[in-house]
Amino acid sequence: MADVKPFQCIRPDKEMAGRIAALPYDVYSRQEAKIEIEREPLSFLCIDRAETLFDDSVEAYDERVYKRAGDLLEKMVSDGIFIKETKECYYVYELIMEGRSQTGLVACSSIDDYLNNIIKKHENTRQDKEADRICHVDICDAQTGPIFLVYRSHEIINKIISDVKKERVLYGFTAPDGITHNVWMLQEKDKIDRIRKAFAGVNSIYIADGHHRAASAVKVGLKRRKANHGYNGTEEFNYFLSVLFPEDQLMIMPYNRVVKDFNGYGLSEFLDRVSEFFQVKPLEKNTYSPEEKGCFGMYAAGSWYKLTAHENIRNNTDPVKALDVSVLQDYLLSRILGIGDPRTDKRIDFIGGIRGLGELEKRANEDMALAFSMYPTSISELFAVSDAGKLMPPKSTWFEPKLRSGLFIHKLTRI
């Protein structure tokens, strides 16, 4: 039984929402975040990436950075840039990209559901990245970036959300990247009760994006429980900010790869090795994006090739080993190119599908030697891996469009 509750939100003034909304903190380098804040001083990056407000000599993980973030959030609230909602509500959040719409429910999810594996994971987390967000959440006393969750489509929830979308929007704006964002407030008690009851019948919810934010929110909640021996489970620190989407509205894009060198092989010898595990077909056209599972594009020495995994490889029934990202890793990147751990090997880099195949060619022609275009992992594959209690290889999924930070803030103490 999933516990998905409404909450008292801190949110932007209506006139400020479009200026404040920012892409997730971890899609920017420090310099890129600085440039964005120079373009838009109200960007929520000034809170999510407060190191940009200091000289570069100040480390991103310096305690002064987190204190500055918390102070700035409080100042923006006191200045009326953010407002404190007076009652517990859900919100409906629609994102439109290139004519395709996806709509989720903004709510707070239970850390106990995370701990009890009702909210399921498919990625490992890194301790340093967790530590950063733990400090940010704890010192700001707030969760500022929602975790992107997905559930199997539910008729009752779908109907209520569809009805709410017929009402007047709370926010409606198109960001500089062309993504349109619409937000509605869902405050009627009857609808809130029906949604919460519907989610109570949902057995599994899945993290699509935001594993580090989720893990950090849970650890802060556990820390607060330890400090509050009389906690009863209803305190806000027992919940984390999330946006929950039905699976049939989401799009996963490929997460492509580029590699530094041929691991000592000449091109001809390298292609012979690849042909041990894949059918290798040279292509005359400029680029190649795989059209089915088990196929890969490879750009090497100025030419594109289509790779098709041999049938015995394609027929693997293990939910992790059957993933295309696993096939490429196990049979080519590891066995031939010597990349054993893609999390730590400096010879490999990952490029989100949103950047296109031109970026693969560019990187392979400049600072890398090889590029691989992938067929995207499916939602059903994500579910299968999570349900089996297993983990995907790193960089298996790229969701678009990205949720914006700053539109919804969840305080860990009641407001």
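The values are calculated or read from the model by the stated rules, or taken from the named source; none is laboratory data. None of the values given here were measured: they were computed from a predicted structure. Heads up, the Cβs are rebuilt from the backbone with ideal geometry, glycines too, and the neighbour counts pull from every protein chain shown.
Of note:
- For segment 177-201, taking the residues that are assigned to a loop (DSSP other than H, G, I, E, B) and at pLDDT 95 or above, the one that is nearest to GLU88 (Cα to Cα) is identified as GLN187.
- On inspection, ARG133 passes the criterion of being under 22 Å from ARG11 (Cα atoms), among the charged types (D, E, K, R) and under 18 Å from the mean Cα position of the chain (by Cα).
- The residues listed here are LYS87, LYS67, LYS75; of these, the one that is within 25 Å of VAL243 (Cα to Cα) and either surrounded by fewer than 19 Cβ atoms within 10 Å (Cβ to Cβ) or not assigned by TED's automatic domain parsing to the domain that holds THR144 (or both) is LYS87.
- Enumeration of residues in segment 121-146 that are outside any helix (DSSP H, G or I) and either out of contact with any Asp or Glu (no Cβ under 7 Å at 6 or more places or on another chain) or at positive phi (or both): LYS121, HIS122, GLU123, ASN124, THR125, ARG126, ASP141, ALA142, GLN143, PRO146
Residues checked against (1) within 30 Å of ASP141 (Cβ to Cβ); (2) in contact with a Leu (Cβ under 8 Å, 6 or more places away or on another chain); (3) among the polar types (S, T, N, Q):
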site: HIS212; (1), (2), (3): yes, no, no
site: GLY233; (1), (2), (3): yes, no, no
site: GLY264; (1), (2), (3): no, no, no
site: SER275; (1), (2), (3): no, no, yes
site: GLY294; (1), (2), (3): no, no, no
site: SER303; (1), (2), (3): no, yes, yes
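- The set of residues in segment 277-305 being closer than 16 Å to ILE336 by Cα and among the hydrophobic types (A, V, I, L, M, F, W, C) consists of PHE277, PHE278, VAL280, PHE296, MET298, ALA300.
- Checking segment 386-400 against the condition returns a match, with at least one residue being outside any loop (DSSP other than H, G, I, E, B) and in contact with a Lys or Arg (Cβ under 8 Å, 6 or more places away or on another chain).
- Of residues in segment 163-189 being free of Cβ contacts under 8 Å to residues at least 60 places away in the same chain and under 22 Å from SER109 (Cβ atoms), the one surrounded by the fewest Cβ atoms within 10 Å (Cβ to Cβ): LYS189
- When residues of segment 40-51 are limited to those that are in contact (Cβ under 8 Å) with a residue 12 or more places away in the chain and more than 21 Å from the chain's Cα centre (by Cα), the one surrounded by the most Cβ atoms within 10 Å (Cβ to Cβ): GLU51
- Matching residues in segment 23-35 - criterion: being outside any loop (DSSP other than H, G, I, E, B), without any contact (Cβ under 8 Å) to a residue 40 or more places away in the chain and either crowded, with 19+ Cβ neighbours inside 10 Å or of a type outside the set (Asp, Glu) (or both): ARG30, GLN31, ALA33, LYS34, ILE35
- Looking only at segment 196-226, residues that are small (Gly, Ala, Ser) and under 19 Å from GLN127 (Cβ atoms) come to 6 in all.
- Residue, farthest from LEU412 (Cα to Cα), within segment 237-293, restricted to residues that are small (Gly, Ala, Ser) and surrounded by 14 or more Cβ atoms within 10 Å (Cβ to Cβ): SER289
- Some residue of segment 54-63 being hydrophobic (A, V, I, L, M, F, W, C), at pLDDT below 95 and outside any strand (DSSP E or B): yes
- Scanning segment 358-415 for residues that are under 18 Å from the mean Cα position of the chain (by Cα), modelled with pLDDT under 95 and among the β-branched types (Val, Ile, Thr) turns up just one, THR397.
- Any hit, segment 91-103, residues being surrounded by 14 or more Cβ atoms within 10 Å (Cβ to Cβ), among the charged types (D, E, K, R) and either at negative phi or not assigned by TED's automatic domain parsing to the domain that holds LYS219 (or both): yes
- Selected residue (only one of LEU328, LEU307, LEU244 is part of a strand (DSSP E or B), among the aliphatic types (A, V, I, L, M) and under 30 Å from MET97 (Cα atoms)): LEU244
- Selection of first residues in segment 336-363 that are on the phi > 0 side of the Ramachandran plot and assigned to a loop (DSSP other than H, G, I, E, B) and of second residues that are surrounded by fewer than 17 Cβ atoms within 10 Å (Cβ to Cβ) and at pLDDT 95 or above, restricted to Cβ pairs under 7 Å at least 6 apart or on distinct chains, gives the following pairs, ordered by first then second residue: GLY338/ASN263.
- Answer residue from segment 203-241, given it is outside any helix (DSSP H, G or I) and among the aliphatic types (A, V, I, L, M) and is nearest to the chain's Cα centre (by Cα) among those: ALA208
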